[in-house]
1. Among GLY251, GLY244, which is the only one that is open to solvent by less than 40 Å² (accessible area, probe 1.4 Å), in contact (Cβ under 8 Å) with a residue 12 or more places away in the chain and either assigned to a loop (DSSP other than H, G, I, E, B) or at positive phi (or both)?
2. Going through the stretch 265-289 one residue at a time, which ones are in a loop (DSSP other than H, G, I, E, B) and either over 12 Å from LEU123 (Cα atoms) or open to solvent by 50 Å² or more (accessible area, probe 1.4 Å) (or both)?
3. Name the strands (runs of 3 or more DSSP E) wholly within the stretch 1-109 that hold at least 2 residues that are polar (S, T, N, Q)?
4. Looking only at the stretch 151-181, count how many residues are surrounded by fewer than 18 Cβ atoms within 10 Å (Cβ to Cβ) and modelled with pLDDT under 95.
5. Just to confirm my filter: which strands (runs of 3 or more DSSP E) fall fully inside the stretch 133-241 and include at least 2 residues that are touching a residue at least 24 places away in the same chain (Cβ under 8 Å) and under 26 Å from ALA309 (Cβ atoms)?
6. Out of all the residues in the stretch 192-212, is one or more among the small types (Gly, Ala, Ser), open to solvent by less than 10 Å² (accessible area, probe 1.4 Å), under 16 Å from ALA249 (Cβ atoms) and touching a helix residue (DSSP H, G or I) at 6+ places or on another chain (Cβ under 8 Å)?
7. Say we look at the stretch 41-93 and pick out the residues that are more than 21 Å from ALA283 (Cα to Cα) and more than 24 Å from the chain's Cα centre (by Cα); which of these is most open to solvent (accessible area, probe 1.4 Å)?
8. So, in the stretch 311-367, how many residues would count as being polar (S, T, N, Q), open to solvent by 30 Å² or more (accessible area, probe 1.4 Å) and under 23 Å from PRO381 (Cβ atoms)?
Amino acid sequence: MDYDSALTASLQRLHDEGRYRTFIDIERRQGQYPHAVWTRPDGTQKDITVWCGNDYLGMGQNPVVLAAMHEALDATGAGSGGTRNISGTTVYHKRLEAEIADLHRTEAALVFTSAYIANDATLSTLRTIFPGLIIYSDALNHASIIEGVRRGGGEKRIFRHNDVAHLRELLAADDPAAPKLIAFESIYSMDGDFGPIREICDLADEFGALTYLDEVHAVGMYGPRGAGVAERDGQMRRLDIINGTLAKAYGVFGGYIAASAKMVDAVRSYAPGFIFTTSLPPAVAAGAAASVRLLKTAQHLRDAHQAQARILKARLKAMGLPIIDHGSHIVPVHVGNPVHCKMMSDMLLENHGIYVQPINFPTVPRGTERLRFTPSPVHGPQDVDRLVRAMDELWSQCALNRAEAVA
């Protein structure tokens, strides 16, 4: 086989379809987020505003978080030195897990190197713990959930996105005695819509199923203490396993599950993705714990965040841009063509200093390509004005249709 030609052909397919992904070199500067500096391929630099970051609340540059990281770094050094089983468990990891368990009002929590790994490792391991487990997974679940379900082997059922009636049909068709688990998300990040947590928990109670909720795009930002949409909706205690991230609203790095002490102990003891992975550096764990602790009482940041999202959506809608609006903080603008989507992203960056990545297949279905904006409390009024003017200009320049809001 001509391996080099195969590599060339596979990459060319992505270019031909307009969905080849490019990385840009950006430098975040302390205290200035969401403003950053872009280094072009020719070495020249340009000031930009980041509009697609997942540091939703700007906690990655919060002085309390940075102070905790500096203190731990000075005290312990750079790395953890091993897996959690081999010298990689420190007081910083235990404090972080205690903060997370307190956040979700669970008995215990377990920290992983990312929420992706937490989903993959946990879901693939549950079939070892519960032989014959049938997993019911929402059709739009994140790739990490899909991979965890797939790797675990065994029976799975895919229910139509947020379709509780279809989920009921699938549950009713299976052996009542079989162990069951329903895996879903609180906020689906590409459209920004909410999962029907209460209704799914009702079905879980009726059919004796466990519940597994991914709150990655909600922790820190919803609920009176930032525990997520389940807390906001009064459903948190009905969930068996909650997955979350420390790398988005909390602004640091890592992921976790929160559950009963026995469930956490079983996953800790059986999951290869946990057992054989070096633990988070203590400085990272310390910063994450400080961020979780701080956001438990920072309702003003959550309020400001929601206000910014409402303002941006209202202004883009007023220009007739096709916004996908389900009431969350995520602001997707539907473009519907991968080439146009990439072109608009490039022009926003080069001509207006606005950085937003195009979202193309396979992240979203073909024909639903979009620009996905993530406003934050640290985006100022001038940042919003500049973005709205740029989108208005480019939408006309690219001769794209203006439409009513997409629900």
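The values are calculated or read from the model by the stated rules, or taken from the named source; none is laboratory data. All values reported here derive from a predicted model rather than from experimental measurement. All Cβ positions, glycine included, derive from the backbone under ideal geometry; neighbour counts span all protein chains shown. Calculation scope for accessible area: heavy atoms of the full protein, side chains included, ligands and nucleic acids excluded. Shrake-Rupley method; radii C 1.70, N 1.55, O 1.52, S 1.80 Å.
1. GLY251
2. PHE276, THR277, SER279, LEU280, PRO281
3. 45-50
4. Adding up the residues that qualify gives 3.
5. Of the strands (runs of 3 or more DSSP E) lying wholly inside the stretch 133-241, those with at least 2 residues that are touching a residue at least 24 places away in the same chain (Cβ under 8 Å) and under 26 Å from ALA309 (Cβ atoms) span 180-185, 209-214.
6. Within the stretch 192-212, not a single residue is among the small types (Gly, Ala, Ser), open to solvent by less than 10 Å² (accessible area, probe 1.4 Å), under 16 Å from ALA249 (Cβ atoms) and touching a helix residue (DSSP H, G or I) at 6+ places or on another chain (Cβ under 8 Å).
7. This residue is PRO41.
8. Number satisfying all stated conditions: 1.
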